[in-house]
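Chemist: I'd like to ask some things about the structure below.
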Amino acid sequence: MQMDTNFSQQLLSSQISLKQFAYKFTNDMETADDLLQDTLVKAMKYHDQYKEGTNMRGWLFTIMRNTFINGYRSNARKTALISTEEEISSSQLAVSAVSNRGDAKFAMEDINKALSNVPDCYTIPFLRHFEGYKYHEIAEELSLPIGTVKTRIHMARQLLQKQLKTYKK
């Protein structure tokens, strides 16, 4: 598929802020450059999944964050040490055990259930903010004062924390 020029221009204009964001993750310029390059390649590869008129920077930052997290997990698996002891202590098991997707599925079900218990007036601004929209963008979309948007996001967080306290570490 052919990328439109508007998409390409937005992608190019986002490079500086993306590089700064990458540096915050990596604290190394070379690694930040690699992360930026990976992000831009993925954005171009999946440009057809970008919805015109939505927050492109939020979309790009999400791609970058996920790319960094996946790379971190991959490196953690590569550098993990394998114990040759016959008996492994429970503290070693907690560190070395690989989490399975079942845990994530149950956690996601709990999160969705908790979100369904939060009133829509709080959920909608919270989800928009989680998707990467800025406060002023949410306020404009919902025709609300920016202070109201911030309050509703805060209230949604508090309600979710109460319902999901079993996951608090």
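The values are calculated or read from the model by the stated rules, or taken from the named source; none is laboratory data. Note that the structure is a prediction, hence the values are computed from the model and not measured. Note: areas computed on protein heavy atoms with side chains; ligands, DNA, RNA excluded. Shrake-Rupley method; radii C 1.70, N 1.55, O 1.52, S 1.80 Å.
Chemist: Hey, which lysines would be in cross-link range of Lys113, C-alpha to C-alpha under 17 Å, not counting anything within fewer than 8 residues on its own chain?
Modeler: Cross-link targets: Lys105, Lys162, Lys165, Lys168.
Chemist: Continuing with this model, one more query. When the convex hull of the C-alpha atoms of the range 26-71 is computed, what volume per residue in Å³ does it have? Present the calculation step by step, with values, prior to reporting the outcome.
Modeler: On the way: hull volume 3.1 nm³, N = 46.
Taking the convex hull of the Cα positions in the range 26-71, it is 68 Å³ per residue.
Chemist: Sorted by accessible area (1.4 Å probe), largest first, how do Val41, Val149 line up? Show your work: numbers first, answer last.
Modeler: On the way: Val41 80, Val149 0 Å².
Per-residue accessible area, sorted high to low, gives Val41, Val149.
Chemist: Just how much of Ser13 is accessible, in Å², when a 1.4 Å probe is used and the result is rounded to the nearest 10?
Modeler: The accessible area of Ser13 comes to roughly 90 Å².
Chemist: Further, regarding this structure: What figure, in Å² to the nearest 10, do you get for the accessible area of Met56 with a 1.4 Å probe and non-protein molecules left out?
Modeler: Roll a 1.4 Å probe over it and Met56 shows about 10 Å².
Chemist: Let me ask another. Work out how much length Glu140 to Asp110 would gain on full extension: take 0.36 nm times their residue separation and subtract the Cα-Cα distance, in nm to one decimal. List each step's numbers first, then the result.
Modeler: Working: separation 30, 0.36 × 30 = 10.80 nm, distance 3.06 nm.
Result for the pair: 7.7 nm of gain on full extension.
Chemist: Arrange the residues Arg65, Arg73, Arg128 by how much accessible surface each exposes, largest first, with a 1.4 angstrom probe.
Modeler: Largest accessible area first, the residues go Arg73, Arg65, Arg128.
Chemist: Could you compute how much accessible surface Tyr122 exposes when probed at 1.4 Å, giving the result in Å² to the nearest 10?
Modeler: 60 Å²
Chemist: Go through Glu52, Glu131 and list them by solvent-accessible area, largest first, probe radius 1.4 Å. Working shown, then result.
Modeler: Details: Glu52 120, Glu131 95 Å².
The most accessible residue leads, giving Glu52, Glu131.
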